[in-house]
Every structure is written in structure tokens, then in C-alpha cells.
Amino acid sequence: MELKPDQLVAQVANQTLQPVYLVAGPETLHVLEAADAVRARARAEGAEREVFEAEGREPDWDALSASFDAPGLFASRRLLELRLPNGKPGKTGSEVIMAFCANPPPDVTLLVVANEWSKAHQGKWYEAVAKRGVVSIAWALKPHELPGWIERRLRDRGLRASPEAVQGLAERVEGNLLAAAQEIDKLALLAPGATLDLATMESLVADAARYDVFRLVETALSGQAAQVRRMLAGLRAEGEQVAGLMPVVIRELLRAAALARAQARGANLAAEMKSQGLWEARQAPFKRALQRHATPLRWNRFAAYASRVDRAAKGRAAGDPWLLLERLLLAIADTPATRLLANAG
């Protein structure tokens, strides 16, 4: 059975636990809340909980397998939680999970929690879980879905908000659902039962936008010029220094230049992206950027200009580093803006 995270939360609130659950995906808040719902139901059923970590070393799959049939020390039911950050149990782990799904003990529920997830993760063990229990994948919200999610979350907390207020909160949290949830919980305490307009929302909510350099570069690669300007202003207002931003900017531009060279020689771009450490969730901005700027020469030029920005930020070249960085990122985001670099001297 496959359920969305909110459907899973609703199901376990009213039904006894299934033998096995897989909760995974890049949207951290939804993974946390869905897994917490399973844990809460297990506690309500009097189950004791054991946690198995599968990160940084070869997991002790034999210990997990042995635990399936071991009696509980303090309770008649048990929740065995397998934390699998990369979503890949490997051959041995897959066999252990499939063996459990083939014949689950009546007093045990297995909860598998993973952070990384894509369709490439789906294998026989995934199919076994879906057949015997519940799979819930927390995909990242698309930008246009965020206002609706915020409105529902506000309503669940007893609040109402105007469309302008909802949009204002969406712009402040920049897709960060954890930050949005925290702000909504705060609003429920500060203004219980209220109907919020934009002015009230702005007066109560802290600016929790993720103005970080990784998101800044991805925004430029995605072609969102107006958002680049706003994020740069946010970073500057927060006291960031251009010199501290440039190592990441230069690294990502060199990565894009390598991808442009691979694309130009007809290589498999998806494979090249994976070899560069770009998994599916991070590939879309680079693909869009390579459509706008297809030639390796253009990316070499961007990287060279980034070096100039870096020198200016360190006092080794003339120019306002914030202005130079803005010109660079706008040129990446919007093809006509490349003239800014040509006219920059």
C-alpha cells in the first residue's frame, strides 16, 4: 500500500499498526511527522522500541534479523526502527527486509526511515514492503504547492489567513517546511483563533528564509533572476561576506563547466551528474542552466569572472564585490544579462 505522509498520519491515528512501514524522502518535516505518527501509535499499543542505525559502516544485519524473533524485554509488542539515511540497504539488508515481509512476527512492527530517495531506490525490498505494509514517500513540495500547504497547516492550528498573508509567509520561509511549521506554531500561540492579514503576519513572523549560498546558486542556475536579487539582499542584511560565499559559488560553476564539456562531447549527462555527486533532487537547476548556456566557453567565462569577484572580496582587485556577484549571478540566471559581464570591464 502506498500513502502520502498526511494519509499515513491519519491512518495510524485510527488503526492498528501494519507489519512494516517505509517512510522516506527529501522533505524532512513530512518524514519526521509520518515516522513520529507510527512511533506514537506503537507507544499507544504498548510497544517497546529498538533502533538500528545503518550509516557509516556495514550494518549488523544479523543482529536485526535475530531481533525479529527475540522476545520483548518489557512489553509484548515491539517497534523495530531501521534508520537508513541513504535509502540503500544493499544486498544483505534487502534480503533481511524481504524475509521479514515474507513472514512478519505477529508482535513486531518494522519501521524503515530514509532521507535520500528517488525512483532509482525502488527495488524488490521496496516492493515487498509495499505489498505487506505501507510505503510513504515525502517528495519535496513544488513552489506552487507551498501556499496551499501553509493554508492547510494554519487551518489545522485553528488559524485563518488572507491569501496575501499566506503568500507573504511562503516568501519568507523560501520552501523551508521546518521553518514554516515553527512559524505557524508560534502564530498559534501568539494569535490563537485569529484571522491574519498581511500586516499582522509580517509583524508576528520572523524572516526565516533560507538565504544560504547553496540555494542562492541553485536559484541562479534555475533562472530566477528576481529571486537572486532578493536573496542577495537577504544575505547582505544578515551580515554575510562575499569572501565567505565565493568558495561554494566557484565550486558550483566549475561543476557546471565540467557538465557543459560533457554535454558538448555527447556524453551521458545523467551519468556525468551522478559522478559529480549531483543526485536527482539537485539535477534540475543544472539542466535548466545548461539549456540557457550550452557552450563550455560560456561557463569558463563565468568561472573566470567568479575569480575576479573573489579577488575583489579579498581586497585584491577593484570593484564592489556585492555588485560584481550580483552581475555574475544575474548573467547565469538570465541570458540577456550576460551583457552585464561584457560591460563590467
Unique match (being more than 17 Å from residue 139 (Cβ to Cβ), among the β-branched types (Val, Ile, Thr), without any contact (Cβ under 8 Å) to a residue 60 or more places away in the chain and surrounded by 14 or more Cβ atoms within 10 Å (Cβ to Cβ)) among 129, 96: 96
Residue identified as touching a Ser or Thr at 6+ places or on another chain (Cβ under 9 Å) and not in a loop (DSSP other than H, G, I, E, B) among 246, 273: 246
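Looking for something without any contact (Cβ under 8 Å) to a residue 24 or more places away in the chain, within 22 Å of residue 121 (Cα to Cα) and in a helix (DSSP H, G or I) - is there at least one such residue anywhere in the stretch 30-45?
Of all residues in the stretch 30-45, those without any contact (Cβ under 8 Å) to a residue 24 or more places away in the chain come to 32, 36, 43-44.
So of that shortlist, the ones also within 22 Å of residue 121 (Cα to Cα) come out as 32.
Add one more test, that the residue is in a helix (DSSP H, G or I), and what stays is 32.
Yes, the stretch 30-45 contains a residue that is without any contact (Cβ under 8 Å) to a residue 24 or more places away in the chain, within 22 Å of residue 121 (Cα to Cα) and in a helix (DSSP H, G or I).
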Hits in the stretch 83-93 - residues which are closer than 20 Å to residue 50 by Cβ and open to solvent by 60 Å² or more (accessible area, probe 1.4 Å): 83, 92
Residue match in the stretch 163-177 (condition: of a type in the set (Val, Ile, Thr), open to solvent by 50 Å² or more (accessible area, probe 1.4 Å) and out of contact with any strand residue (DSSP E or B) (no Cβ under 7 Å at 6 or more places or on another chain)): no
Neighbours by Cβ (under 8 Å, 6+ apart or cross-chain): first from the stretch 212-227, more than 14 Å from residue 291 (Cβ to Cβ) and open to solvent by 60 Å² or more (accessible area, probe 1.4 Å); second modelled with pLDDT under 90 and of a type outside the set (Asp, Glu): 214/248; 215/231
Conditions (1) in contact with a strand residue (DSSP E or B) (Cβ under 6 Å, 6 or more places away or on another chain); (2) surrounded by fewer than 20 Cβ atoms within 10 Å (Cβ to Cβ); (3) closer than 30 Å to residue 184 by Cα: number failed by residue 45: (3)
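If a residue has to be in a helix (DSSP H, G or I) and of a type in the set (S, T, N, Q) to count, how many in the stretch 261-270 make the cut?
Filtering the stretch 261-270 for residues in a helix (DSSP H, G or I) gives 261-264, 269-270.
Add one more test, that the residue is of a type in the set (S, T, N, Q), and what stays is 263.
Matching residues across the stretch 261-270 total 1.
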Residue ID - nearest to residue 32 (Cα to Cα), chosen from residues in the stretch 193-202 that are open to solvent by 50 Å² or more (accessible area, probe 1.4 Å) and either of a type in the set (Asp, Glu) or within 28 Å of the chain's Cα centre (by Cα) (or both): 202
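On the basis of being touching an Asp or Glu at 6+ places or on another chain (Cβ under 9 Å), of a type in the set (A, V, I, L, M) and on the phi < 0 side of the Ramachandran plot, does residue 262 make the cut?
On the way: touching an Asp or Glu at 6+ places or on another chain (Cβ under 9 Å): yes; of a type in the set (A, V, I, L, M): yes; on the phi < 0 side of the Ramachandran plot: yes.
Yes.
Which count do you get for residues in the stretch 232-249 that are under 17 Å from residue 333 (Cβ atoms) and touching a residue at least 24 places away in the same chain (Cβ under 8 Å)?
Pass one, the stretch 232-249, residues under 17 Å from residue 333 (Cβ atoms): 232-235, 245, 248-249.
From what is left, the residues that are touching a residue at least 24 places away in the same chain (Cβ under 8 Å) are 232, 234-235, 245, 248-249.
Result for the stretch 232-249: 6.
Yes or no, residue by residue, for (1) farther than 25 Å from residue 26 by Cβ; (2) over 20 Å from the mean Cα position of the chain (by Cα); (3) of a type in the set (A, V, I, L, M):
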| residue | (1), (2), (3) |
| --- | --- |
| 151 | no, yes, no |
| 154 | no, yes, yes |
| 161 | yes, yes, yes |
| 165 | yes, yes, yes |
| 172 | no, no, no |
| 176 | no, no, no |
| 179 | no, no, yes |
| 191 | yes, yes, yes |
Pairs where the first residue, in the stretch 173-198, is over 10 Å from residue 160 (Cα atoms) and the second is in a helix (DSSP H, G or I) and open to solvent by 70 Å² or more (accessible area, probe 1.4 Å), C-beta under 8 Å, 6+ apart: 174/215; 175/143; 198/164
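Looking at 242, 248, can you tell me which residue is within 22 Å of residue 319 (Cβ to Cβ) and at pLDDT 90 or above?
Numbers: 248 fails: at pLDDT 90 or above.
Of 242, 248, the one residue that is within 22 Å of residue 319 (Cβ to Cβ) and at pLDDT 90 or above is 242.
The values are calculated or read from the model by the stated rules, or taken from the named source; none is laboratory data. Keep in mind the model is a prediction, meaning the values are calculated, not measured. Neighbour counts are summed over all protein chains in view; Cβ atoms, including those assigned to glycine, are modelled from backbone coordinates with ideal geometry. Only protein heavy atoms, including side chains, enter the accessible area calculation; ligands, DNA and RNA are left aside. Shrake-Rupley method; radii C 1.70, N 1.55, O 1.52, S 1.80 Å.
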